[in-house]
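Participant: One structure follows; several queries about it will come next.
The values are calculated or read from the model by the stated rules, or taken from the named source; none is laboratory data. These numbers come from a predicted model, not from an experiment. Here Cβ is always computed from backbone atoms with ideal geometry, including for glycine, and neighbour counts include all displayed protein chains. Please note that ligands, DNA and RNA were not included when accessible areas were found on the heavy atoms of the full protein model with its side chains. Shrake-Rupley method; radii C 1.70, N 1.55, O 1.52, S 1.80 Å.
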Amino acid sequence: MTNPFEDDSAEYIVLINEEKQYSLWPVSMPIPNGWQAIGPKGKRTACIDWIDQNWTDMRPASLVRQMEEDTR
């Protein structure tokens, strides 16, 4: 049985959570609570490429806010 998160022939979507963290998600599975679709729907490599281009700051949004507050 193929892992649904590593099946190159499956269709995926890109998700984001409130911390601005991204996830690759199989379209055959329901979107988990706290996540929403944000990017493309398509082949695994296309979605991963989109994540690589758009998720440029790996820090959680709450950490970014805290660091900004700390510098004020």
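Every residue, every condition in (1) in contact with a helix residue (DSSP H, G or I) (Cβ under 7 Å, 6 or more places away or on another chain); (2) more than 11 Å from I13 (Cβ to Cβ); (3) modelled with pLDDT of 95 or more; (4) not polar (S, T, N, Q), yes or no:
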{"position": "P32", "(1), (2), (3), (4)": "no, yes, yes, yes"}
{"position": "Q36", "(1), (2), (3), (4)": "no, no, yes, no"}
{"position": "G39", "(1), (2), (3), (4)": "yes, no, no, yes"}
{"position": "I48", "(1), (2), (3), (4)": "no, yes, yes, yes"}
{"position": "T56", "(1), (2), (3), (4)": "no, yes, no, no"}
{"position": "V64", "(1), (2), (3), (4)": "no, yes, no, yes"}
{"position": "M67", "(1), (2), (3), (4)": "no, yes, no, yes"}
{"position": "R72", "(1), (2), (3), (4)": "no, yes, no, yes"}
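Participant: Cβ-Cβ distance below 7 Å, separation of 6 or more or different chains: which pairs start in segment 34-51 with a residue that is within 13 Å of E6 (Cα to Cα) and end on one that is open to solvent by 50 Å² or more (accessible area, probe 1.4 Å) and in a loop (DSSP other than H, G, I, E, B)?
Facilitator: Once the first residue is within 13 Å of E6 (Cα to Cα) and sits in segment 34-51, its partners that are open to solvent by 50 Å² or more (accessible area, probe 1.4 Å) and in a loop (DSSP other than H, G, I, E, B) give R44/D8.
Participant: Name the residues in segment 48-67 that are over 12 Å from the mean Cα position of the chain (by Cα) and in a helix (DSSP H, G or I), would you?
Facilitator: A61, S62, L63, V64, R65, Q66, M67
Participant: Restricting to segment 30-47, name every residue that is out of contact with any Phe, Trp or Tyr (no Cβ under 9 Å at 6 or more places or on another chain) and in a loop (DSSP other than H, G, I, E, B).
Facilitator: P30, N33, G34
Participant: State whether the residues of segment 3-10 include one that is free of Cβ contacts under 8 Å to residues at least 40 places away in the same chain, surrounded by 10 or more Cβ atoms within 10 Å (Cβ to Cβ) and out of contact with any Pro (no Cβ under 9 Å at 6 or more places or on another chain).
Facilitator: yes
Participant: For the structure I just gave you, tell me whether K20 is touching a strand residue (DSSP E or B) at 6+ places or on another chain (Cβ under 8 Å), open to solvent by 90 Å² or more (accessible area, probe 1.4 Å) and not small (G, A, S).
Facilitator: no
Participant: Within segment 23-66, how many residues are among the acidic types (D, E) and open to solvent by 90 Å² or more (accessible area, probe 1.4 Å)?
Facilitator: Qualifying residue count, segment 23-66: 1.
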